[in-house]
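Take a look at the structure below.
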Amino acid sequence: MLRHWLKYVSRHSSYLLTSTSIIKSSKICFFFQDIPFRIPLAFMRIYSNNNKKYEKENVTIINMIKYWHQIFEKEKIIEPKKSIEHIIAHVLGISRLTDLSNISTMKLNREQLQKLEGLCQCRLSRMPVQYIIGEWDFRHITLKLEPPIFIPRPETEIIVDISLKRIVSFKNDKCNILEIGCGSGAICLSLLHSHKNINITAIDANSHACELTMRNAQDLQLQDRLILFNAILKNDGLIEKKKNFFKDSINFYNDKFEIIVSNPPYIPTETVFKLQPEIKLYEDVKALDGGHDGLKLILSILKYASEALKIGGFLILEVDFNHPERIEFFIKQNYVNKLKLEYVHKDFANKDRFVEILKIG
């Protein structure tokens with residue numbers, strides 16, 4: 001997989017990886033699995049050395065937004081206006097974009113202009129805004145984000161809403177919940193933040209994702225109700241623990257859960273490298289690649305859930321809109337006496353993207 005990734009990077013040298021943590025004049029570098037990548041100097045010169053030009057002009061917030069908006073549009077950056085607004089707000093330490101309009105005529109100083117220049121260069125290299133500013137709002141919480149940990153999407157908030165309704169339906173504040181593939185902690189921490197009495201066990205195969213979830217949990221003061229493992233769900237439906245965070249009190253072979261929730265990799269392999277540069281160059285491919293049909297990990301989750309759920313419990317998944325019918329067929333073929341596809345929920349585009357699977361026996 002890395003071989004294909006490197007092949008793409010070499011073909012699109014203008015979009016090499018960058019990092020906001022290492023910005024020194026024309027040297028911008030990002031380390032992906034200990035491999036350094038740099039934006040070519042030729043590319044950097046396209047929009048470098050603008051500070052002298054800025055000093056001669058009226059370097060107000062509104063002018064800088066217009067200036068970089070035009071550049072982003074020219075380079076076909078996704079959501080160009082929102083991109084520069086988020087970056088300028090970050091440079092100024094403003095949390096709400098609406099506040100920019102109140103200070104639109106304020107001038108940026110030299111230090112702010114230099115920081116803005118560096119971060120805009122990152123955006124020109126197709127680094128997602130979420131990674132550039134290092135955090136993002138998800139539902140009612142703010143999460144730290146860093147490459148290559150998967151960026152939570154707005155539609156994933158739907159799976160949190162579905163899970164919360166299911167928790168309430170159990171009328172049991174102490175229900176046992178497992179999240180498979182926690183990433184930055186978006187789902188499990190949103191659930192913990194919204195429901196003050198529950199405890200959640202979360203696992204992820206990526207140790208860096210676990211570390212990020214741990215930091216986010218500590219920032220949100222939710223670590224006391226979270227059990228976190230660096231663990232792998234294998235093809236045979238068994239969970240292999242590698243490292244535990246906070247505390248260790250879960251036996252994945254014997255313990256049962258009322259709810260298992262997951263936003264697993266579900267994009268078919270051949271589609272992954274057709275995605276936008278913001279996704280395929282920066283986010284963890286393993287968090288996206290669901291195998292040839294997008295169902296590789298989902299089938300392993302079904303196998304594990306068929307044993308690990310309590311009777312009456314639910315498996316709640318975010319999936320591709322083509323998957324619900326295939327999942328139902330697979331369940332009828334393999335777990336007809338254990339699982340039942342109970343509900344299918346739609347996303348913001350009115351596509352079938354979320355499934356609730358009931359443990360019946």
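Quick notes on this structure:
- Complete set of residues in segment 164-196 that are of a type in the set (S, T, N, Q), part of a helix (DSSP H, G or I) and either outside the structural domain of V319 (by TED's automatic domain parsing) or over 29 Å from Y282 (Cα atoms) (or both): S169, S194
- Positions within segment 114-141 being of a type in the set (K, R) and buried (at least 22 other Cβ atoms within 10 Å of the Cβ), in sequence order: R123, R126
- Residue that is out of contact with any strand residue (DSSP E or B) (no Cβ under 6 Å at 6 or more places or on another chain) and farther than 21 Å from E307 by Cβ, where the choices are K243, K174: K174
- Every condition in (1) in contact with a His (Cβ under 9 Å, 6 or more places away or on another chain); (2) within 22 Å of D255 (Cβ to Cβ) is met by S194 except one, and the failing one is (2).
- Yes/no for G237 being surrounded by 19 or more Cβ atoms within 10 Å (Cβ to Cβ) and closer than 19 Å to I301 by Cα: no
- Those strands (runs of 3 or more DSSP E) of segment 197-247 in which at least 2 residues are more than 20 Å from S163 (Cβ to Cβ), considering only elements entirely within it, cover 226-233, 239-245.
- Residue match in segment 23-41 (condition: out of contact with any Asp or Glu (no Cβ under 9 Å at 6 or more places or on another chain), at pLDDT below 50, assigned to a helix (DSSP H, G or I) and not assigned by TED's automatic domain parsing to the domain that holds Q276): yes
- When V168 is tested against (1) over 20 Å from I301 (Cα atoms); (2) of a type in the set (V, I, T); (3) at pLDDT 95 or above; (4) surrounded by fewer than 19 Cβ atoms within 10 Å (Cβ to Cβ), just one condition goes unmet, and that condition is (3).
- Considering only residues in segment 270-286 that are under 19 Å from E146 (Cα atoms) and hydrophobic (A, V, I, L, M, F, W, C), the one that is farthest from the chain's Cα centre (by Cα) turns out to be L281.
- Any hit, segment 152-162, residues being within 11 Å of the chain's Cα centre (by Cα) and either closer than 15 Å to L92 by Cα or crowded, with 17+ Cβ neighbours inside 10 Å (or both): yes
- When restricted to residues that are of a type outside the set (S, T, N, Q) and more than 23 Å from E342 (Cα to Cα), segment 175-198 contains 10.
- Scanning segment 152-188 for residues that are free of Cβ contacts under 8 Å to residues at least 24 places away in the same chain and of a type in the set (S, T, N, Q) turns up just one, S169.
The values are calculated or read from the model by the stated rules, or taken from the named source; none is laboratory data. All values derive from a computational prediction rather than experimental measurement. We place every Cβ from the backbone using ideal geometry, glycine too, and count neighbours over all the protein chains shown.
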